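The values are calculated or read from the model by the stated rules, or taken from the named source; none is laboratory data. Every value quoted in this text rests on a predicted model; they were computed, and no experiment measured them. Note that we place each Cβ from the backbone using ideal geometry, even for glycine, and neighbour counts take in every protein chain shown.
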Amino acid sequence: MQSKESITVVVYVVQALNLTSRDIASESDAYIVLTYGKECVRDRAYYIPNQASPVFGRRFEMRGLLPRDQILNVSIYDRDFASPDDLIGSTCIDIEDRFWSKHLPGFGLPKRETIDTSECVTEQLCLLALNRFEEHPDGFPLTPEHVETRSLYHPKRAGIEQGKVQLWVEIYEPGQPHPHPLDITPQPPQPYELRVIVWNTADVVLNERNIFGTEMSDIYVKCWLQEFSKAQHTDVHYRSLTGEGNFNWRMIFPFRYSPADGMLVVGRKKAFYEQYDTELKFPPVLTVQVWDNDSFSADDFLGTVDLNLARLPPPARSPEKCKLNKGLSLTGSGSRHGLLNLFHRRHVRGWFPVHGNQHVVSSGDKSEKRQRRNTLALTGKIELELEVLSKEEATQTPVGRGREPPQHLPEPLRPEVSFNWLQQPARTFNKLLWPRVRKSFVWLGAMLLLCLLAYGLVLNLPTVFMVRTLDQRKSSIGWSESRSSISNE
């Protein structure tokens, strides 16, 4: 018969995963309830509102007596305001079985960090043998890693998983020294500010033609940080004939970032009647798009690039060295080798490739049928300056949006033909139309003058002839009268 043993059970609850919601129109407001022996801990004050995968980061210490107190029950409840709290699911852990096990699976965290690099291969072989230890004739199943992922079940929904909970349990005897408690409290997201300066563009595709048949584009740049509703855009560089655009335009994006998860945290209400915001986590991806401005139709999309601030590809120093690679075609893709973490680097400037879909016509060898397909192609290059600041640093060094003070940016040196023709028609005629139609206008004026002269001659010739005839007749009559007067004398 086993003697009674007084033990201390320490439970670290890390997080829950994919909890089944007990509310109709929102996620669960989850909190932890622990029951062990005669002790019951209800952690209702530290509930996580409106989360399907809440991160708890809680530590609990309970005492019991073996073999009387055998089972540790871990439950997740949904906190309600006007009705009793609902049980989401629970899981049971046999503490007695773990305590009397010859492997004592309650020792705490493994000291993996103390292993030398040269022992990694040996360690992997040992782990492989241990994972398959139960296949040995004298083997048996071993306790898994210290962080357990346990399924949650509801008594009224037997066999249907209601989510998972990640935790680990440590068991100590009263005389056994305890290690220092671990602080696994989740770090709240920190406020940051991203400052983006759009300097220039180069080699942007030209998808329009003016009235003279010359290819051109009215270029502007649009940026946003996960929330499209808060997108910002530059002014328009009108009539770019070479794909070059000059902007000198600053954008400011305040956001919250969790360094532990490496994720951007966005709080938003899924419905207008919800009391709390739902925290959603996304990769810290800055979306930069190049557009062609149209006055009477929808703007044309020219290209885009997604920049993960935590895994940023190094930019090129010049547009000639800026090439399209696979690491920029998909969000967060590519290896970690050579990537920059802007939260550590803080500041970077250079050229990034802009890609878009290009229609390609291909023909098969056998069928000889031409097919259209979209391929990823380089559609431009953009010079950006990215800077990440904490909230305190941003407050100490304020800047203005666009080209506004403080720390205003200079006006871009754009060609004289870069302006809106609808707002300045006289300048449009002087800069765009007149140089092309000047010779035609000179010839047209000369021809018009000749036509007017001819028209005047045609109209005035009969009058001239009549005047001359009358003058001749008058002169002849006067001569005859003078001759008759002389003869009379």
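Please specify each residue of the range 374-392 satisfying the condition of being closer than 18 Å to R349 by Cβ and among the charged types (D, E, K, R). I'd like the intermediate steps shown before the answer.
Step one: list which residues in the range 374-392 are closer than 18 Å to R349 by Cβ, which gives 380-389.
K381, E383, E385, E387, listed by residue number.
The residues of the range 27-49 that are under 28 Å from R268 (Cα atoms) and out of contact with any Lys or Arg (no Cβ under 7 Å at 6 or more places or on another chain), listed by number, are E27, A30, A45, I48, P49.
Mind listing whichever residues of the range 177-229 are without any contact (Cβ under 8 Å) to a residue 40 or more places away in the chain and of a type in the set (G, A, S)? Once the filter is applied, which keeps residues that are without any contact (Cβ under 8 Å) to a residue 40 or more places away in the chain and of a type in the set (G, A, S), the range 177-229 yields G213, S229.
Conditions tested, residue by residue: (1) at positive phi; (2) at pLDDT below 95; (3) assigned by the TED database to the domain that holds L378.
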site: E161; (1), (2), (3): no, yes, no
site: Q166; (1), (2), (3): no, yes, no
site: L182; (1), (2), (3): no, yes, no
site: V196; (1), (2), (3): no, no, yes
site: N207; (1), (2), (3): no, yes, yes
site: F212; (1), (2), (3): no, yes, yes
site: E215; (1), (2), (3): no, yes, yes
site: D218; (1), (2), (3): no, yes, yes
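Whether any residue in the range 432-450 is at pLDDT below 95, buried (at least 16 other Cβ atoms within 10 Å of the Cβ) and more than 22 Å from the chain's Cα centre (by Cα) is what I want to check. The answer is yes, given that some residue of the range 432-450 is at pLDDT below 95, buried (at least 16 other Cβ atoms within 10 Å of the Cβ) and more than 22 Å from the chain's Cα centre (by Cα). Take N246 and decide whether it is part of a strand (DSSP E or B), crowded, with 19+ Cβ neighbours inside 10 Å, out of contact with any Cys (no Cβ under 6 Å at 6 or more places or on another chain) and not hydrophobic (A, V, I, L, M, F, W, C). Spelling it out, N246 is indeed part of a strand (DSSP E or B), crowded, with 19+ Cβ neighbours inside 10 Å, out of contact with any Cys (no Cβ under 6 Å at 6 or more places or on another chain) and not hydrophobic (A, V, I, L, M, F, W, C). Of the residues contained in the range 148-165, one or more are found to be without any contact (Cβ under 8 Å) to a residue 40 or more places away in the chain, surrounded by 14 or more Cβ atoms within 10 Å (Cβ to Cβ) and closer than 22 Å to D69 by Cα.
Restricted to the range 174-228, and to residues there that are polar (S, T, N, Q) and in a loop (DSSP other than H, G, I, E, B), the residue that is nearest to G64 (Cα to Cα) is Q176. Restricted to the range 1-85, the set of strands (runs of 3 or more DSSP E) holding at least 3 residues that are free of Cβ contacts under 8 Å to residues at least 60 places away in the same chain comprises 30-36, 39-42, 55-66, 71-78.
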